[in-house]
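The values are calculated or read from the model by the stated rules, or taken from the named source; none is laboratory data. All values derive from a computational prediction rather than experimental measurement. Heads up, the Cβs are rebuilt from the backbone with ideal geometry, glycines too, and the neighbour counts pull from every protein chain shown. Note: accessible area is taken over every heavy atom of the protein model, side chains too, but ligands, DNA and RNA are not part of it. Shrake-Rupley method; radii C 1.70, N 1.55, O 1.52, S 1.80 Å.
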Amino acid sequence: MIASSMDGLAFSAAAGSASPARRAAREGGLPRQGTRAGLVSSAGLGGGAASSSSSSASHSAAGFVACAALGATTAAASAARGRRWGRRHGGRVASMRGAAGVRPAVALAASKDGFRMRNLGSSDLIVPDVCLGTMTWGKQNTEEEAHLQLDYAVKERGLKFMDTAEMYPVPTEADTQGRTDRYIGSWLKKSGVPREELILASKVCGYNERINWVREAGAPTRVTKAQVRESVEKSLARLGVEYIDLLQIHWPDRYVSLFGAESYDEANQREENVSFEEQLEAFDELRKEGLVRHFGVSNETSFGVMSFIRAAEAKGLPRIVSIQNSYSLLVRTAYETDLAEVCSSRHTNVGLLAYSPLAGGVLSGKYLTEVVPPGARLNLFPGFMDRYRNSASQDATREYAALAKAHGLTPTQLALAWCRQRWCVTSSIIGATSVEHLKENIDAFQLELSEELLEGIQLIYKRYRDPTINPAPKKEPVKA
């Protein structure tokens, strides 16, 4: 057996040869820079979410999103162009011109409390287009800091959708496991926010031979009926609640290529996997008891999604309604190539909860500076999410940051607003270590990017197709 450590989780796999990752094909030419137009807002980006709603048109039941119509009267040609863009990106857009007659690169989007609401997959669970991530609480953040973030997100911004996991915080270890849940639970006791107003999502560990502190029986963690029940009962106790709105399998019970690992190799398959039917039956029992409302998956593949759907249909079991996978400007191709088709509303109707939309914070641009801010995650935990810091990922991030600057945006605003506008994304999970960063993250979901800006993003993408799994070769020093 060979062990490979990925993202703080030690995964054990059967030894087998794996071919090196193929280099990404890149097209020449620099991305065309759009016109610098700045932010378009009646209250300024720093204004609260609620203030943007009053100056924006309401979105329709079909999910259309309207931008705030600001500035002088728009010419007919520009209006037609805006309508074409709106149809292309799943929203109705009011084309605009600024004081100088320049079409803005960014506008405010109208929605409830500043968030676009939609059904999560085929379920009746209505969620906002942004979800509060929590995985730093208990390691990078104290209990007090976690409570400050919750107060700001829930009470000041109306963001009541949050995602946790039994193994949080990360990187996971025995001494800290479960702290995130306990911090949320202690906040719930004193917050005064009714439980029914919140949407709590959590995750149960998939197969892992090294995590021996989560289950009473020790390792490995599996997705058996008994282990799922144990996981949920312990999570409920830590959170101090009676039910979980969305229970997700954190990663599959079967072997899959995870967290930037080499390509799938059948030599690494294990002899026995927990069946898809048993996993669905485990959820069904908990659902009938009122402990869990909906069921989803995470770090899953097209094969996994289709297998869960087939099993549900064949056995009359509840369907999965969501998939939580990594998705960002640096990690797109794996989802967009076939999972997007599988999960689309015309097929399985499984909603994407995009995690790491800032690629572990890399897309914020903070790792491009000579002096990285103290407490930056990837510096605190060497080897954690290394795939986001290879040379190709850094080069791509640098170009996205330059594009953002050319349009008067921060790199964070560009990355998150782009993710929000992707048709395949139901909600994006954001994580922050300070209220200041959390505010910038939430504000980014009030923005609508123009067609020119989206085209600029696409040109960079053509040069750097998922650099995290197609790293550029290291440059050898030139000999004198």
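Taking residues in segment 321-350 that are buried (at least 19 other Cβ atoms within 10 Å of the Cβ), and partners anywhere that are charged (D, E, K, R) and at pLDDT 95 or above, the pairs with Cβ atoms closer than 6 Å and at least 6 places apart or on different chains are 323/300. Each residue in segment 408-441 was checked for being closer than 13 Å to residue 149 by Cβ, in a helix (DSSP H, G or I) and hydrophobic (A, V, I, L, M, F, W, C), and 2 of them qualify. Listed conditions (1) out of contact with any Lys or Arg (no Cβ under 8 Å at 6 or more places or on another chain); (2) acidic (Asp, Glu); (3) modelled with pLDDT of 95 or more are all met by residue 272, apart from (3). Of the residues making up segment 110-117, not a single one is modelled with pLDDT of 95 or more and open to solvent by less than 40 Å² (accessible area, probe 1.4 Å).
Here 177, 227 are screened, and the one residue that is over 24 Å from residue 142 (Cα atoms) and open to solvent by less than 40 Å² (accessible area, probe 1.4 Å) is 227. The criterion of being of a type in the set (A, V, I, L, M), open to solvent by 10 Å² or more (accessible area, probe 1.4 Å) and in contact with a strand residue (DSSP E or B) (Cβ under 8 Å, 6 or more places away or on another chain) holds for residue 261.
Looking across segment 230-244, just one residue is crowded, with 21+ Cβ neighbours inside 10 Å, closer than 15 Å to residue 199 by Cβ and out of contact with any Asp or Glu (no Cβ under 7 Å at 6 or more places or on another chain), and that is 244.
Quick one: count up the residues across segment 427-446 that are out of contact with any Ser or Thr (no Cβ under 6 Å at 6 or more places or on another chain), surrounded by fewer than 24 Cβ atoms within 10 Å (Cβ to Cβ) and among the β-branched types (Val, Ile, Thr). The number of residues fulfilling the criteria is 2.
Conditions (1) modelled with pLDDT of 60 or more; (2) open to solvent by less than 10 Å² (accessible area, probe 1.4 Å); (3) in contact with a strand residue (DSSP E or B) (Cβ under 8 Å, 6 or more places away or on another chain); (4) at positive phi, marked per residue:
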| residue | (1), (2), (3), (4) |
| --- | --- |
| 373 | yes, no, no, no |
| 383 | no, no, yes, yes |
| 402 | yes, no, no, no |
| 416 | yes, yes, yes, no |
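For segment 282-310, residues that are over 21 Å from residue 230 (Cβ atoms) and open to solvent by 30 Å² or more (accessible area, probe 1.4 Å) total 4.
Selection of segment 447-464 for residues being open to solvent by 10 Å² or more (accessible area, probe 1.4 Å) and outside any helix (DSSP H, G or I) yields 448, 464.
Within segment 134-167, the set of residues being open to solvent by 10 Å² or more (accessible area, probe 1.4 Å), in contact with an Asp or Glu (Cβ under 8 Å, 6 or more places away or on another chain) and farther than 17 Å from residue 186 by Cα comprises 157, 158. Among the residues making up segment 320-333, those that are in contact with a strand residue (DSSP E or B) (Cβ under 8 Å, 6 or more places away or on another chain) and either outside any strand (DSSP E or B) or under 15 Å from residue 467 (Cβ atoms) (or both) are 320, 321, 326, 327, 328.
Scanning segment 266-281 for residues that are over 26 Å from the mean Cα position of the chain (by Cα), part of a helix (DSSP H, G or I) and not acidic (Asp, Glu) yields 267, 268. All of (1) without any contact (Cβ under 8 Å) to a residue 24 or more places away in the chain; (2) surrounded by 16 or more Cβ atoms within 10 Å (Cβ to Cβ); (3) of a type outside the set (A, V, I, L, M, F, W, C); (4) not in a loop (DSSP other than H, G, I, E, B) hold for residue 215 with one exception: (4).
Give me the residue from segment 234-265 that is in a loop (DSSP other than H, G, I, E, B), without any contact (Cβ under 8 Å) to a residue 60 or more places away in the chain and aliphatic (A, V, I, L, M) and, out of that set, farthest from residue 299 (Cα to Cα). If we take residues in segment 234-265 being in a loop (DSSP other than H, G, I, E, B), without any contact (Cβ under 8 Å) to a residue 60 or more places away in the chain and aliphatic (A, V, I, L, M), then 241 is farthest from residue 299 (Cα to Cα). For segment 352-363, the count of residues that are under 30 Å from residue 405 (Cβ atoms) and in a helix (DSSP H, G or I) is nonzero.
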